[in-house]
Amino acid sequence: MTHSTLSPVHIVGGGLAGSEASWQLAQAGVPVILHEMRGVRGTDAHKTDGLAELVCSNSFRSDDATANAVGVIHAEMRLAGSLIMACADKHQVPAGGALAVDRDGFSDAVTRALHEHPLITVVREEVQGLPPAEWGLTIFATGPLTSPSLAAAIQAETGKDALAFFDAIAPIVHRDSIDMDICWYQSRYDKVGPGGTGKDYINCPLDKQQYDAFVDALIAGDTVGFKEWEGTPYFDGCLPIEVMAERGRETLRHGPMKPMGLTNAHNPTVKAYAVVQLRQDNALGTLYNMVGFQTKLKYGAQAEIFRMIPGLQNAEFARLGGLHRNTYIHSPTLLDHTLRLKSRPTLRFAGQITGCEGYVESAAIGLLAGRFAAAERKGSEIVPPPATTALGSLLNHITGGHIVSEDEPGKRSFQPMNINFGLFPELQPGSIVKPEGVKRFRGKDKTVMKRQLMARRALRDCANWLGVASPVSEAGPVEPISAVGV
Ligand SMILES: Cc1cc2nc3c(=O)[nH]c(=O)nc-3n(C[C@H](O)[C@H](O)[C@H](O)COP(=O)(O)OP(=O)(O)OC[C@H]3O[C@@H](n4cnc5c(N)ncnc54)[C@H](O)[C@@H]3O)c2cc1C
């Protein structure tokens, strides 16, 4: 098979990430041995032996590269010659502004492309332990359903608290959508703590009537059930808030919504009946997570019910909550900036096991792991994508941008993340200017313009990083809102 003098890179897992990583390596002239267990051993969710099988929905979400972070990462991956995006484009089915695919056609196309590549060998076997020394450079891309023996081996290497088997995701809110005329910054009892200021949390006050209405809505809200094979992973006091609400009307007020040690800066003489706290989630300070608000409520119900909280009435959610079976490592402490395991640098991780979430994000991290490993194998410098790109901002979040909180240490504080504009660095001050001829420039329009500018900056910087032609016209003012073409 090999028409290369380079020794192969081994990739374990032929899902979204492993398939993309294999392609990137092989296209760079590096031979690949891809180990995929399906065909020999299945998972609880996959149904076929095809590579890059989509286990649930057939959607790659928004394909709008002008103002949607998912669309931007699609576009960046296309610029980088992504196999996953090429096959998705080829097998697209109508879905409005989203990119949805014929799942069998898509998986067949990925499988065929990898099997036909002269530098790729696909081996159907379960890898049960860490790679033997003779493998050299290796990428683990075994996903949320990594087989139990391999998960145990990873845990033995990384430490018990560094590998999670379930996520417990609390919603994350864009900081600039929180109403600070209602909310205020304060840590409970003004505690400064290590690295804190005494004003580390955003607090949302509720009076009794608001609290009662909120509890009623939680109890009535529609939830998503667990799959049979997931069990009911209520652990570590990580109960979904709606389950807490069902246990008694006062439970939340004595748990995540307790008002003690907090004084409303806008109304100091009136004690709040309950308080929702949000904690800074990323180093950029653009995202805040709702502390203790892990939930199984359906997404629609979450947005509606959480906007009942005073101060969150216009909240924009970067990510909604969830609780799923999901094997992932504590990447911010374990991995370096090129996805290498610090304790064993010949081993990289890619895909959902790194703490990103979703088909597209997993493939994107696979793309980066493949490129980094190819550069390393060829003795070239590894140049990660700029932080202003979607690829770079997702990578940075996983490998360090997330803040590990003091009161929720270890694996609990790092939860899986989708790509969103909250992960991107802020624009230069003064970038957002009212377009000529626009009389009233509303907050919503500013948000759209901010996204458009971030999207353009990302695509331009990504093209520079890859050394390809930029798909966006040079700088200049943004065209009228929602009419920007890439
Ligand atoms: C039930 C469920 C529903 C989901 N629904 C969605 C959804 O609707 N939309 C969405 O965007 N994301 C969804 N996800 C998340 C999605 O599966 C992942 O984002 C994506 O598939 C991750 O890509 P990956 O390559 O990291 O892992 P995977 O695509 O899961 O690929 C990992 C591969 O590794 C193989 N493997 C595991 N262990 C070993 C081993 N020891 N040796 C060899 N091979 C091994 C597996 O067989 C698999 O082929 C869902 C996940 C689950 C579990």
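Note down the magnitude of the dipole of the chain about its Cα centre, charges +1 on Lys and Arg C-beta and -1 on Asp and Glu C-beta and zero elsewhere, to the nearest 20 debye.
700
Take the Cβ-Cβ distance between Ser57 and Ala86 as r, set R0 to 25 Å, and report the resulting FRET efficiency rounded to the nearest 0.05.
For R0 = 25 Å, the calculated efficiency reads 0.80.
Name the residues whose placed amide hydrogens come within less than 5 Å of the amide hydrogen of Phe166, ignoring near sequence neighbours (fewer than 5 apart) on the same chain.
Asn326
To the nearest 20 debye, what charge dipole does the stretch 275-334 have about its Cα centre, counting +1 at the Cβ of each Lys and Arg and -1 at the Cβ of each Asp and Glu?
Using Cβ point charges on Lys, Arg, Asp and Glu, the stretch 275-334 gives about 200 debye.
Compute the separation of the alpha-carbon centres of the stretch 109-152 and the stretch 24-86 and state it in Å as a whole number.
Answer, in whole Å: 14.
Taking the Cα centre of the stretch 26-145 as origin, work out the dipole magnitude from +1 charges on Lys and Arg Cβ and -1 charges on Asp and Glu Cβ, in debye rounded to 20.
Here the stretch 26-145 has a charge dipole of around 60 debye.
Rank these for me by crowding, Glu357, Glu76, going from fewest to most other beta carbons within 10 Å.
Neighbour counts put them in this order, fewest first: Glu357, Glu76.
Measure off 7 Å from each Cα along the Cα-to-Cβ vector at Gln27 and Ser7, then give the distance between these two points in nanometres to one decimal.
2.7
Check Ala318: other-chain or 5+ apart residues with amide H under 5 Å from its amide H, H built from backbone geometry?
Those lying under 5 Å, H to H, from Ala318 are Ile172, Val173, His174.
Run lengths n ≥ 4 of DSSP H only: what is the helix-derived mean residue ellipticity at 222 nm for the chain, with -39500 (n - 2.57) per run over all residues, to the nearest 500?
-8500 deg cm²/dmol
Net charge within 13 Å of Thr5 by Cβ-Cβ distance, Lys/Arg positive one each and Asp/Glu negative one each, not counting Thr5 itself?
Here the charged neighbours net out to +2.
May I ask which residue of Thr223, Thr263, Thr295 lies farthest towards the positive end of the charge dipole of the stretch 188-299, with charges of +1 (Lys, Arg) and -1 (Asp, Glu) on Cβ and the Cα centre as origin?
Of the listed residues, the answer is Thr263.
May I ask for log10 I(q)/I(0) of the chain at q = 0.09, 0.10 Å⁻¹, from a Debye sum over the Cα atoms as equal point scatterers with solvent left out?
-0.63, -0.78
From Cα pairs below 8 angstrom and at least 6 apart in sequence, can you work out the relative contact order of the chain, rounded to a whole percent?
After rounding, I find 21 percent.
In whole Hz, what ³J(HN,Hα) sequence does the stretch 174-180 give by Karplus (6.51, -1.76, 1.60; θ = phi - 60°), x for Gly and Pro?
Calculated HN-Hα couplings, in order: 5, 3, 6, 9, 8, 7, 7 Hz.
Could you order the peptides 165-173, 101-109 from most to least packed, using the average number of other C-beta atoms within 10 Å per residue?
165-173, 101-109
Jot down the radius of gyration and Dmax of the stretch 14-93, Cα atoms only, both in angstrom.
Computed over the Cα atoms of the stretch 14-93, radius of gyration and Dmax are 14.1, 43 Å.
So how do 455-463, 151-159 stack up, highest first, on mean other-Cβ count within 10 Å?
Ranking the peptides 455-463, 151-159 by packing returns 455-463, 151-159.
Values in this text are rule-based calculations from the coordinates and carry no lab data. What you see is a predicted model, and the numbers here were worked out from it, not measured in a lab. Backbone-built Cβ (ideal geometry, glycine too); neighbour counts: all protein chains shown.
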